Amino acid sequence: MNDAPARLEVRAVSVAYGEVRALRDVSLRLEAGRSLCVLGANGAGKSSLAAVVAGVVAPASGRVLIDGTDVTGWPSHRRQRVGVAYLPEGRGIFPHLSVVDNLKVLLRRSVPSSARRRVLEEAFARFPVLAHRRRLPAGRLSGGEQQMLALARVLVAPPRLLVADEPSLGLAPRLVDEVFAALRSARDEGVTVLLIEQYVERALDFADDAVVLQRGRVAWSGPAAEATEQVAAGYFGEGAASPAGP
Ligand code: ATP
């Protein structure tokens, strides 16, 4: 038995939007340093789960705990302060500041001055697209590039828990590769990752564990390697999106 509090624990959470019940009695546990992908068809409740963990949607019932602390009633900015980062949606990007200044804002908060230059260059090495645009106001980047900047910000100031809701949505295949490379780097640096992803194969290849949602309920949970076998056998049926992807 592992008695240490999990990085994230979701206990019997239900979410409703008026008459629509998006999540029903969902429970899961994510240990520090591990990565969990959430799979499911459109409308299964994946985004609602991410939103409830990030604190942008309040559950109708149930609890959310971060490192054993009950944060259920906390707004998202308070969760950010205990290390919960929510992607994508370009959150936290300052559109009028240049790309490089967007990164410097975070560096000033989280990295000692002697290391800032190195961390910045590492971020640009990881995201060449951003390196070329470093002087451009962030608001003038394309949607995909803004996504990259949001990820770069996560990497220069690694959170304790990264909640990434379809970070590759709408991106060209080359940028999808960059997103997954960045997620891997974050995980290698010890960031715990909750990933909502449409590309099942990529998600399972990345994650340690998987949860499949069906109509707002947990239909399956277990190691990602086992989920890969289940997907190959067609077991999840409508539960998981198409495994095809770029
Ligand atoms: P998708 O991949 O299509 O985003 P999802 O698995 O992320 O789907 P959710 O977005 O969490 O699922 O939606 C779950 C259910 O809640 C769906 O029936 C959806 O139509 C509904 N829903 C989501 N957001 C709202 C909202 N703001 N108001 C009303 N209903 C909503």
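The values are calculated or read from the model by the stated rules, or taken from the named source; none is laboratory data. Computed from a prediction, not measured in an experiment: that's the story for all the values here. Heads up, the Cβs are rebuilt from the backbone with ideal geometry, glycines too, and the neighbour counts pull from every protein chain shown. For the accessible areas, the whole protein counts, side chains as well, though only heavy atoms, and no ligand, DNA or RNA atoms are used. Shrake-Rupley method; radii C 1.70, N 1.55, O 1.52, S 1.80 Å.
Points worth noting:
- Taking segment 66-86 as the range and being outside any strand (DSSP E or B) and open to solvent by 60 Å² or more (accessible area, probe 1.4 Å) as the test, the residues that pass are Gly73, His77, Arg78, Gln80, Arg81.
- Residue among Leu161, Leu169, Leu136, Leu149 that is touching a strand residue (DSSP E or B) at 6+ places or on another chain (Cβ under 7 Å) and within 25 Å of Val56 (Cβ to Cβ): Leu161
- Entry remark, segment 213-227: residues being in contact with a Lys or Arg (Cβ under 6 Å, 6 or more places away or on another chain) and open to solvent by 50 Å² or more (accessible area, probe 1.4 Å) number 1 in total.
- Qualifying position, being assigned to a helix (DSSP H, G or I) and more than 25 Å from Gly45 (Cα to Cα), among Arg153, Arg187: Arg153
- Residue that is surrounded by the fewest Cβ atoms within 10 Å (Cβ to Cβ), among those in segment 167-199 that are within 16 Å of the ligand (Cβ to nearest atom) and at pLDDT below 90: Gly170
- Segment 40-64, residues that are among the hydroxyl-bearing types (Ser, Thr, Tyr) and surrounded by fewer than 21 Cβ atoms within 10 Å (Cβ to Cβ): Ser47, Ser61
- Number of the condition not met by Cys37 [criteria: (1) modelled with pLDDT of 95 or more; (2) touching a helix residue (DSSP H, G or I) at 6+ places or on another chain (Cβ under 6 Å); (3) open to solvent by 50 Å² or more (accessible area, probe 1.4 Å)]: (3)
- Subset of segment 200-227 (residues that are farther than 18 Å from Ala186 by Cβ and in a loop (DSSP other than H, G, I, E, B)): Arg215, Gly216
- Here Ala210 passes the criteria (1) within 16 Å of the ligand (Cβ to nearest atom); (2) open to solvent by less than 40 Å² (accessible area, probe 1.4 Å); (3) free of Cβ contacts under 8 Å to residues at least 40 places away in the same chain except the one numbered (3).
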